[in-house]
Every structure is written in C-alpha cells, then in structure tokens.
1. Got a sec? Which of 86, 36 is more than 16 Å from the ligand (Cβ to nearest atom) and buried (at least 20 other Cβ atoms within 10 Å of the Cβ)?
2. Among the residues in the range 168-189, are any out of contact with any Pro (no Cβ under 9 Å at 6 or more places or on another chain) and over 24 Å from residue 134 (Cα atoms)?
3. Out of the residues in the range 7-25 that are over 15 Å from the mean Cα position of the chain (by Cα) and buried (at least 17 other Cβ atoms within 10 Å of the Cβ), state the one that is farthest from the ligand (Cβ to nearest atom).
4. Given the conditions (1) touching a His at 6+ places or on another chain (Cβ under 8 Å); (2) of a type in the set (Val, Ile, Thr); (3) in a helix (DSSP H, G or I), which single one is not true for residue 265?
5. Considering only residues of the range 178-218 that are in a loop (DSSP other than H, G, I, E, B) and at pLDDT 95 or above, which is nearest to the ligand (Cβ to nearest atom)?
6. When you check residue 259 against the structure, is it surrounded by fewer than 13 Cβ atoms within 10 Å (Cβ to Cβ), within 27 Å of residue 72 (Cα to Cα) and either among the small types (Gly, Ala, Ser) or modelled with pLDDT under 95 (or both), yes or no?
7. Starting from the range 150-172, take each residue that is without any contact (Cβ under 8 Å) to a residue 40 or more places away in the chain and assigned to a helix (DSSP H, G or I) and list its partners that are within 16 Å of the ligand (Cβ to nearest atom) and aromatic (Phe, Trp, Tyr), counting only C-beta distances under 8 angstrom and pairs at least six apart or across chains.
8. Suppose we filter the range 265-281 for residues that are surrounded by fewer than 18 Cβ atoms within 10 Å (Cβ to Cβ) and either in contact with an Asp or Glu (Cβ under 8 Å, 6 or more places away or on another chain) or farther than 15 Å from residue 5 by Cα (or both); how many remain?
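The values are calculated or read from the model by the stated rules, or taken from the named source; none is laboratory data. None of the values given here were measured: they were computed from a predicted structure. Here Cβ is always computed from backbone atoms with ideal geometry, including for glycine, and neighbour counts include all displayed protein chains.
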Amino acid sequence: MNRWPLGVFASIDAGLGVRLEVAHELGVKTIHLHTPQQESRTEGQAREFLTQLDDFGITITCVFGGFAGESYADIPTVKETVGLVPRATRAARLVEMKEIADFARRLGVNVVGLHIGFVPHDTTDPDYREIVSVAQDLCDHAAAQDQAIHLETGQEPADVLLKFLEDVNRENLFINFDPANMILYGIGEPIEALEKLGAWVRSVHCKDATWSDEPGVSWGAEVPLGEGAVGMETYLRTLKNIGYTGPLTIEREIPQEPERQKAEIAGALDLLDSLKTKIGT
Ligand code: MG
C-alpha cells in the first residue's frame, strides 16, 4: 500500500459514518467500518459485506466497536454511557466487544478499534485497575486471533493515555489518533499529543473541530476538515515525522444531512490530496 491512502469512516446499519455506496461514489478505497448491529454480525452477512466490498474495490482497515445505549450528547453523558468504562454494562460489553473482534476476523480484518470510555485520570482509583484488567482481557482475546486493538484518543490527556497503555502492557495494543477529539473534549493540544504518542499510533482519523469556551466542560464543535483548530498541514507533517504510513481516514459524522456529509467528505479528500502533494509523500 502507498503511504497515506485516503479513507472514510463508513457504516452499514449502525453508527454515523457514510454508507458503503457513498464511499464508493467518492472513489475511496479504504474504510474504517463501524460494526454492524449484533443481529447482522453473522457468517452469512460477513460474506455478503465482503462481496459488496470486493465489487467496490474497498478494503476495511479497521472495524470499530460500538454499543447500543452509547450517547455523545454531552461530555457528562459520554462519561456515563460510552465504552467499557460504565460499570453497569462493563461485563456485557466486554463479551460483545470480543464478539465484534470475532466478526472482524470473519471479515479478514486484523485491527479492532474502540472508544474504551473515560478511564479514571487518577491511577489510584480502584476502578482504574479494573479497567486495565478489562483491556488486558480484550487484548488477549484479539491476540489469539492475530488482531490488534486500537484505542481511540480523545477522552484522556496524552500522559494519562500513555500511562494506561503501559499499565495494560500488551504487545497488540495501539492508538487510533483522532486530533479533533482532543479539541472537542478539551483535553490538550492535538499536535503535541501526537508527538508524545507517536510510537503507539497505528491508525488515524482526519477530523477537525473548534475549541469550546469551557474546554472539558462543554463540547467544542466538529467542523469540516481544514476549517477547525487542528491545522491539517501541521497534522500531516507530524504524522510524517513520526513515521506513520497508514490510511488517512476521514470522519465526518452528520448522517442526518447526507448530501452535506458527502460534499464535505469530497472537500476533505481534495484537501488531503493537495496536502499529500505539497508535503511530498
Ligand atoms: Mg474518531
């Protein structure tokens, strides 16, 4: 694969990404796939998805986990509902996350991503140890079928995430870096974080955002690529500096406005193409 093939976050019947047909119309050849709903994760459906992807010439580079009941309505709701952290759903979601990894395996995909949720920033919190153990369990399940786990950035400052990765201490654990999340959640400058986390970054999202007036309390705003505070040229130059060669996967999750979503992704593809030429990949 050439350095930095362009990609897009896509969905089949769950999640907020673009439909496969739209990815195809946009000429995109790699996707991060939001996991289909539980009832669609069958052997037969996997074969159908693979046939369709083959027709489109599209490769899935990562299957992203997600769960019913998650809400990104505001930052407190994310803390209560997202990932493997909320206690009430933790055990059941760990089981389901392993099933999602198994489904990814059926699709021939060896990378599984997820928002693990808000890991306690205080490592002496008893919950911190338990979440480390949950992550180890998931990594071991994935390792047994030659898969890596990529944790999405955003909810933790870089130093907290680094400490967590070290504490989980698994060779198949890496990062999916999302620069806009650092801004949306108000937890740190994304470029600085990327430099710190560089050795762990094995997949990325290309997404942009503006800062909130109250970082960490209320959301910033997700905006079209190139119009936010990330600084796309600096982002790509930093990816080059850390030696990242994988796909650049555009994430623009406004499925309620499909025409605008498609147009903005087309704009993002043009922007990334021109920056790739400028930077010289
Ligand atoms: Mg993302």
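1. Only one candidate passes the filter, namely 36.
2. Yes, the range 168-189 contains a residue that is out of contact with any Pro (no Cβ under 9 Å at 6 or more places or on another chain) and over 24 Å from residue 134 (Cα atoms).
3. 24
4. (1)
5. 178
6. yes
7. Listed by first residue and then by second, the contacts come to 162/200; 165/200.
8. Here the count works out to 3.
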